[in-house]
Structures are given as C-alpha cells and as structure tokens.
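Participant: Sending over a structure as structure tokens; questions will come in a sec.
Only the coordinates and a few stated rules stand behind these numbers; no lab work does. The structure displayed is predicted, hence computed values, not measured ones. No Cβ is skipped: glycine too gets one built from the backbone with ideal geometry, and neighbour counts run over all protein chains shown.
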Amino acid sequence: SQQGEEDPQALSIQEGENATMNCSYKTSINNLQWYRQNSGRGLVHLILIRSNEREKHSGRLRVTLDTSKKSSSLLITASRAADTASYFCATPSIQGAQKLVFGQGTRLTINP
Amino acid sequence: DGGITQSPKYLFRKEGQNVTLSCEQNLNHDAMYWYRQDPGQGLRLIYYSQIVNDFQKGDIAEGYSVSREKKESFPLTVTSAQKNPTAFYLCASSILGQGATYGYTFGSGTRLTVV
C-alpha cells in the first residue's frame, strides 16, 4: 500500500548547489517524515513536519508541506559530497495509524 | 549509547532452510517493525509489534514469522515458504504515539542472500 512517491527518482548535482526532492501522497495525513539512507545502511530520520505546519528548517534542510496539493518538498542547501544518499518520504498508512509507509526514494549524487 | 542492533550483517540461506534475523533495541521503545528493501526500491512492511506478545502482519507477511517475548527483542524468521527472500532487511523501533507521530530509529540492516 504505497502512500508517498518521490520525484525525481535520481538527481545528480555539483557540490555547493541546492538539491530539491518532492514527495506526493494520496490520503490525509497528520505528519510527513523524511529519511536518509547511505548505501548499504539503515535509514536515518531527518525531519518530521506536522499537518498544521507549512515549513520547517533543520540546519541545511528545509521541508515544506502543502496539504491541499498533498505534496512535500525537501531542500538541501549548499550540498556536500557527504549528502550523497537516497532520501525517502514516509507517511502514516492511514489517518491515525501507527505504521509508516515509505516511498521509492530519490537517489541523490553530489559530484565534487 | 542507545540504539538498535541487527545481526548478522550478512546471512546466506540455502534452499529450504529457515533463518532468523536478530533485532535488539535499548531505547525503551514500545513499537518495533520489520521492513524488506529490494535493490533500488522503497521499504515494504513485513510485521510490526506495539506491545510484548502481540504483533500484526504488514503488507508482505507471507513466508515470514516473528515473536515479541521481550520489549527489547523482535526477531524475524524467514521460512522456506518465502520463495524470494534475497533482500535487505531493516528493523526499526519507535515511541508509540497516535498516528506514527514519532520518527523511527533504524538498525543497520541484514543482507540475506539465497545460495
């Protein structure tokens, strides 16, 4: 039961540029989360944005949420080689559910 | 340091064998989850548990079994009934909150290969 879908599937940029990834989802949610996965490793929680928030910042990360369009974006500013990873959005499977459903991910490559 | 430990990191299974993947957490989290990840794909939920001695099937539970005898432990058994078990398996835990309102903490994963 796929809820979130990321776009693009892959993104390659030069170090120092900004990277933007998008996530669309289908049903009403009370929060949306973004995770990072380095190759062959587990996922790391980056940021959670609640349905009553429109924008949230954490260091070089900026997340927006548009509940009317059922979409979210993750912006990484001033990218670094260490930002190379896959990025996933996740949402509760249905309103009030305890389990998260993950999208297919965006594979981000930062070229030095 | 608190966290989730998955073992082993790599596991090889022969045809017809059952294998068990270990997942232990010392975060005092009530909820634990098992996900499967195929190459270049997202995560699919296998099983989850919100309390000791109780667990629920996820989207792809066939061919898998779990137990939750202790709060800290949530082992996953891949049985011979799972016809395509080669994948990367991820265990996660979280604080129990309404509507998955807390982030998950993930282990480092176990890569299972059928030989």
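Participant: Quick one: plug the Kirkwood hydrodynamic radius of the stretch A:67-112 (C-alpha pairs) into Stokes-Einstein at 25 °C, 0.890 mPa s, and report D in µm²/s. Walk me through the numbers before you get to the answer.
Facilitator: Values: Rh = 12.7 Å.
Answer from the Stokes-Einstein relation: 193 µm²/s.
Participant: In addition: Considering the Cα positions of the stretch B:22-115, please state its Rg to one decimal place and its Dmax as a whole number of Å.
Facilitator: Values for the stretch B:22-115 (Cα only, Rg and Dmax): 12.8, 42 Å.
Participant: Step through the table entries A:LYS70/B:LYS71; A:LYS99/B:LYS71; B:LYS14/B:LYS71; A:LYS26/A:LYS99; A:LYS99/B:LYS14; A:LYS69/A:LYS99, compare each Cα-Cα distance with 26 Å, and write down the pairs that go over it.
Facilitator: On the way: A:LYS70/B:LYS71 36 Å; A:LYS99/B:LYS71 18 Å; B:LYS14/B:LYS71 31 Å; A:LYS26/A:LYS99 16 Å; A:LYS99/B:LYS14 32 Å; A:LYS69/A:LYS99 23 Å.
Going by Cα-Cα distance, A:LYS70/B:LYS71; B:LYS14/B:LYS71; A:LYS99/B:LYS14 fall outside the 26 Å limit.
Participant: Within chain B, which is the longest segment containing none of the trypsin sites (Lys or Arg not before Pro) that sit in a DSSP loop and have at most 12 other Cβ atoms within 10 Å?
Facilitator: Values: sites that count: B:LYS9, B:LYS14, B:LYS83.
In short, B:15-82.
Participant: I'd like the antiparallel share, as a percent to the nearest 5, of DSSP beta bridges with both residues in the stretch A:5-107. Before the final figure, lay out the partial values.
Facilitator: On the way: 36 of 37 bridges.
The antiparallel proportion sits near 95 percent.
Participant: If every alpha-carbon in the protein assembly as shown counts as one equal scatterer, what log10 I(q)/I(0) does Debye give at q = 0.09, 0.18 1/Å?
Facilitator: Relative scattering, expressed as log10 I(q)/I(0), comes to -0.36, -1.32.
Participant: Averaging sequence separations of C-alpha pairs under 8 Å and six or more residues apart, then dividing by the length of the stretch A:5-107, give the relative contact order as a whole percent.
Facilitator: On the way: 230 pairs, mean separation 37.4, N = 103.
Computed over the stretch A:5-107, the figure is 36 percent.
Participant: Write out the trypsin sites (Lys or Arg not before Pro) in the stretch A:1-103 meeting two conditions: DSSP loop, and at most 14 other Cβ atoms within 10 Å of their Cβ.
Facilitator: Counting only loop positions with at most 14 other Cβ atoms within 10 Å, the trypsin sites (Lys or Arg not before Pro) in the stretch A:1-103 are A:LYS26, A:ARG54, A:ARG60, A:LYS69, A:ARG80.
Participant: Hey, got the dipole for the stretch A:5-107? About the Cα centre, +1 on K and R Cβ, -1 on D and E Cβ, debye to the nearest 20? Walk me through the numbers on the way to the answer.
Facilitator: Working: 13 positive and 9 negative charges, 58 e Å.
The dipole magnitude comes to about 280 debye.
Participant: Rounding to the nearest 20 debye, state how big the charge dipole of the stretch B:1-58 is about its Cα centre with +1 on each Lys and Arg Cβ and -1 on each Asp and Glu Cβ.
Facilitator: 300 debye
Participant: Above 16 Å lies some portion of the pair distances; for the stretch A:31-84, what is it as a whole percent of all C-alpha pairs?
Facilitator: Here the long-distance tail beyond 16 Å is 44 percent of all Cα pairs in the stretch A:31-84.
Participant: What residue among B:GLY97, B:THR20, B:SER67 has its Cα farthest toward the positive end of the dipole of chain B, where the charges are +1 on Lys, Arg and -1 on Asp, Glu, each on the Cβ?
Facilitator: Checked the options; the winner is B:THR20.
Participant: Comparing A:SER71, A:SER24, A:SER58, which has the greatest mean-square fluctuation in the GNM of chain A with Cα pairs linked when under 10 Å apart?
Facilitator: A:SER58
Participant: Turning to a different aspect of this structure: Considering just Cα atoms, how many Å³ per residue does the convex hull of the stretch A:5-107 enclose?
Facilitator: On the way: hull volume 9.5 nm³, N = 103.
It comes to 92 Å³ per residue, whole-number rounded.
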